[in-house]
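Worksheet: the structure to be examined is printed underneath.
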Amino acid sequence: MKFEMPNSGSSRSSWFGRWSTSGWMTPSLIATVCLILALGSYEHSQGNLHRLRATSTNHVQPQGPGGQDPIRISRSLRENGDGPEFISATLLPGRGFNLWQLTASLPGRGEVSLLVSPPVSQAAQILSGLDNDDNGSASTNYGGAFLAPWAAQLTGFPAPGSGVLQTVWEGQRLTFPASIPGSPVSTEGLLLARGADAVKTSSLPDGQSAEATFSASSFSGNWPSNTDVTILVELSGHSLDLTMTAHNTGNTSEPMGLGWHPYFAIPSGDRAHAMLVIPSLNLVEAADRSTGVSSGRMTPIQGTSYDFLHASGTPLGHISLDETYVNLHGSLISDGPIAELRDPAADYGLRVIPLTPNITNLRVIAPEDKPWVSIGPNTNLSNPFGSEWGHTDMSKSGIAILKPGESMQWKVRVEIFSLTGPWRPSHNH
């Protein structure tokens, strides 16, 4: 049986049928499309194309912490590479350029995370500025936070009616937030929750770089002068160079300290057999570990369980560390003192090399029950304005004084290497 479409009998249907079979339908449609494209091109040239778009298009807001999207710099693996290589670094420009993730290729293990941090997708929820992240405190629990205008802890006494802490520097009162309400201890610097004012990335011969600039002014009124801070991260196959520069843009002198608080993972998880090299035989003696206040004295540690000077490394074992190592020993094969974390079970090692002489100490944290080690190269000691360092010469604590127009630079190189393979990093930089 043959079915036919019913004929409505309208003259319009008859006309459309005759036109569609006349051979003019295809050329007419093509001409219409061309006219639309020509109109769009003309409007674009006049800057009016946006008026032709649907007005209901929603603007996509950045999803990263601090309202700025994370930045990832990366590189391609070398062909037939027989050793470990860095792959990528992810930074958070909305949160003081925290080095949130650092990945590398390890032979036999593939791509591995070298810093302890949650996935980037969870960063905004964790670094929300609320609860435990008040004043950016949570930034010092993950990844690698850059620290300014001081590093490590700073103690103070409550400022009347303000809910903040204060201390005295050269007769001036400095104010700063507590790490948690009611605590006499600060967060680690004032950069943690600050968003970058400018960010750029560039290509390198063997990788990429990213740079963030923070026009910090007086750090929300907490610091004596105005400051610009620039952080440059340069990623290549076997090294990661970190450079932080602070510039006094104001009209008065200001104290300045710079540092870094990284959480280096132990990829195998075998913490007891992981090994450390710390180029020092002196610790800062602690007076109160809960606040980070020291006695101001240096303690010799040669031959004790805190001695990690041996060049081939000393196993961590079951010791817990939260110490500040000073009087760093230089190296004949490097541009600076060499600290190392070695993971024999993963045939992997990292070197942390301070490249500027103003880095006076390494803050080393390694809880017995955690598979990570923090090796923090800082220019100043904990509580740098404390009376334990004396009131006449603040340089004992490592704090620099920047006059108007002056700058200071902090630079550190992180190198990756194999413990047993043929490739070992060169120190001729």
Open item on the list: Being touching a Gly at 6+ places or on another chain (Cβ under 6 Å) and not in a loop (DSSP other than H, G, I, E, B) is the filter here; which residues of the range 352-373 pass it?
Closed with: Ile353, Pro354, Arg363
Open item on the list: Looking only at the range 268-326, how many residues end up being modelled with pLDDT of 95 or more and among the hydroxyl-bearing types (Ser, Thr, Tyr)?
Closed with: 10
- [ ] Determine whether the range 277-295 contains at least one residue that is in a strand (DSSP E or B), over 23 Å from the mean Cα position of the chain (by Cα) and among the charged types (D, E, K, R).
- [x] yes
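Among the residues of the range 328-350, count how many are closer than 19 Å to Leu114 by Cα and buried (at least 21 other Cβ atoms within 10 Å of the Cβ).
10
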Open item on the list: Of everything in the range 287-297, what is buried (at least 18 other Cβ atoms within 10 Å of the Cβ) and hydrophobic (A, V, I, L, M, F, W, C)? Give them in sequence order.
Closed with: Val293
Task: Residue that is modelled with the lowest pLDDT, among those in the range 100-136 that are closer than 16 Å to Arg75 by Cβ and touching a helix residue (DSSP H, G or I) at 6+ places or on another chain (Cβ under 7 Å) - done: Leu106
- [ ] Considering (1) more than 19 Å from Ile399 (Cα to Cα); (2) buried (at least 19 other Cβ atoms within 10 Å of the Cβ); (3) not charged (D, E, K, R), say which one His318 fails and leave the rest.
- [x] (2)
Task: Cross-chain or 6+ apart pairs with Cβ under 7 Å, the range 219-244 first and of a type in the set (Phe, Trp, Tyr), then not in a strand (DSSP E or B) - done: Phe219/Pro149; Phe219/Leu190; Trp223/Pro149
TODO: Kindly indicate which of Ala216, Ala196, Ala212 is small (Gly, Ala, Ser), outside any loop (DSSP other than H, G, I, E, B) and within 14 Å of the chain's Cα centre (by Cα).
DONE: Ala212
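Only one residue in Gly405, Gly376, Gly421, Gly349 is modelled with pLDDT of 95 or more and part of a loop (DSSP other than H, G, I, E, B). Which one?
When all the criteria are applied, what remains is Gly405.
The values are calculated or read from the model by the stated rules, or taken from the named source; none is laboratory data. Predicted model, so just to flag it, every value in this text is computed and none were measured. No Cβ is skipped: glycine too gets one built from the backbone with ideal geometry, and neighbour counts run over all protein chains shown.
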